[in-house]
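The structure appears below as structure tokens.
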């Protein structure tokens, strides 16, 4: 059974800080790892990491996949209050029929 | 494009009542999914449909049934609601395994 563990469960920082969120996984026949941001409603897509694309960056957010360590990190630099959200990590196996297995998420609060 | 739409947005049921949650997508996606999200539990897959006419169980299917009515619509039915089914329900769709899932706005269900 595929498994995703995220840490920390929650985090409080001040504006301007840099944060690193962690995701470790166990999956047979890995295909991809995805990061989502969830504010009040539906999750919105941030990054997809695969064997052929192990590092992604968009503005202040970046993510790296470590296939050897079976983990990924999501970095947010110069945090803003608008970064406050739950960050979800999910993995997909090649044999899963397009199913994703999600972690429980990291709740990030950015204080002014 | 409306993306993924869900109805209703909020529903209160009494134990034993039945209801159907509706989901539709206008992106011509093949795969559709139903998740539930509970505090501290992340997103858990209830059922999914890899293509029109097919459905498969996810992680927590007990107490639910689904129908993939056509390529656009994927409904989730609770035949006899229980308080343990109080949750936020998200529908999602995906074109292929190389793309992300897109989520609907969610349905908040309270079973008394």
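Values in this text are rule-based calculations from the coordinates and carry no lab data. This one's a predicted model, so the numbers in the text were calculated from it and none came from an experiment. Neighbour counts are summed over all protein chains in view; Cβ atoms, including those assigned to glycine, are modelled from backbone coordinates with ideal geometry.
Here are the numbers:
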{"quantity": "Computed E for residue A:26/residue B:99 - FRET, C-beta separation, R0 22 angstrom, nearest 0.05", "calculated": "0.40"}
{"quantity": "Simple spin-label estimate for residue A:62 and residue B:27 in nanometres, 7 Å along Cα-Cβ", "calculated": "2.8 nm"}
{"quantity": "Alpha-carbon Rg/Rh ratio, for chain A, with Rh computed the Kirkwood way", "calculated": "0.97"}
{"quantity": "Residues of the range B:33-67 with amide N under 11 Å of a point placed 7 Å along Cα→Cβ from residue B:79", "calculated": "B:63-66"}
{"quantity": "Cβ neighbours within 10 Å from other chains - mean over B:42-48", "calculated": "5"}
